[in-house]
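Since every read-out is calculated from the coordinates, none of them should be taken as a lab result. Predicted model only: the values in this text are computed from it and were never measured.
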Amino acid sequence: MGRGTYAVPSEAELSDFNPFNLILVEGSTAIFVSNRAVPQTTILQPGIYGLSNGALNEPWPKTVELRSTLCSWLAGDAVDPSVLLEGLRSERMSEEGGTERDRSEHAASSPVFIRNPVYGTRCSTVVVIGHDNSGLILERRYAANGSATGETALRFSWASAGTLPEPHTKAH
C-alpha cells in the first residue's frame with residue numbers, strides 16, 4: 001500500500017494546513033509537530049509539557065493551571081483520571097484579563113473551559129498510560145450551554161513499536 005503525501009510529518013508541507021499542534025507517539029518516542037508561526041517537528045524528551053493553542057510550553061495562565069493540576073495528580077495517587085477532566089472544566093478567568101466577550105478573541109487569557117454557544121468547549125479528553133502499558137482515553141462531551149452530555153472510556157494496551165494498540169470500548 002502506498003503512502004499519502006502527508007504520511008510523514010517531517011516530509012509534509014505543514015503550511016498546507018490551517019494552524020495546528022499535534023503530538024505523535026510511536027513506541028517510546030513522542031514528536032511535537034506544529035505549523036503555528038514557524039513550522040516545526042521536535043522530538044520531545046521525557047517530561048511534562050503544556051500545550052494549548054499557542055507554542056509548546058507557552059506559559060498561558062490556563063496552560064500553567066492545567067500543568068499544575070496534572071503535577072498535583074501525579075504527586076498524589078494518580079489513580080482516578082476523572083480528576084483531570086475536572087481540571088479541564090475550570091472556568092476561572094485569568095488575572096491577565098478577559099471578559100465573556102473577549103474569550104474567543106484572547107485565547108491566551110481565556111479560561112480552560114469556555115462556556116459559549118458559538119465558540120465554546122464541546123469535549124475534553126484525557127489519555128493516560130500506566131507503567132504496565134495499560135491505557136485509557138476518557139472523553140466528556142458538552143452541549144453549547146456547557147452541560148455534560150455524555151462520556152466515553154476507551155481502554156487499550158500500549159503495544160510495542162510497529163503495532164497498533166488493541167482498543168476496548170465502553171460508552172456512558
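Things worth noting here:
- Stretching Asp77 away from Tyr49 to a fully extended chain increases their span by 8.1 nm, per 0.36 nm per residue minus the current alpha-carbon distance.
- With 0.36 nm allotted per residue and the present C-alpha distance subtracted, the Thr152-Val127 stretch has 7.8 nm of extension available.
- The stretch 19-82: relative contact order in percent, alpha carbon pairs under 8 Å with at least 6 residues between: 19 percent
- Scanning residues 5 or more positions from Ala30 or on other chains, those with amide H under 5 Å from its amide H are Leu44, with H placed 1.01 Å from N in the peptide plane.
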